[in-house]
Amino acid sequence: MAKKTNKFNLRSQLMPPEEKGKTCFFCSSNIKWIDYKDTVFLRRFVSMQAKVVPVRRTGTCAKHQRMLAQSIKRARYLALMPYTVNKDANFVK
């Protein structure tokens with residue numbers, strides 16, 4: 001009896017083995033809390049549309065992603081960072 005080929009088995013044979021996931025920048029740098037006043041640093045974790053970049057792209061852990069989102073929201077509330085970006089303006093400097 002012939003063995004059925006499963007598309008998942010075939011995919012695992014064709015694709016190279018996945019590398020280890022990204023490590024959390026804050027855990028590896030031993031950062032205890034994220035300063036909302038450091039907008040230059042926070043812009044690293046904000047997209048061109050002024051959205052918070054997701055975990056799958058930054059590699060931060062859940063604890064630090066929550067702290068990062070809270071810091072960005074505080075900076076926006078105090079008008080240190082924009083909520084939205086004009087199409088003509090250059091947000092990232």
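Remark: spin-label model distance Val40-Arg56 equals 3.3 nm, labels positioned 7 Å along the Cα→Cβ axis.
Summary value for segment 21-86: 42 percent relative contact order, contacts being C-alpha pairs under 8 angstrom separated by 6+ residues. Take the Cα of Gln49, step 7 Å toward its Cβ, do the same at Asn86, and the gap between the two points is 2.1 nm.
No value in this document is a laboratory result; all are computed from the given coordinates. Note that the structure is predicted; figures quoted are calculated from it, not measured. Neighbour counts are summed over all protein chains in view; Cβ atoms, including those assigned to glycine, are modelled from backbone coordinates with ideal geometry.
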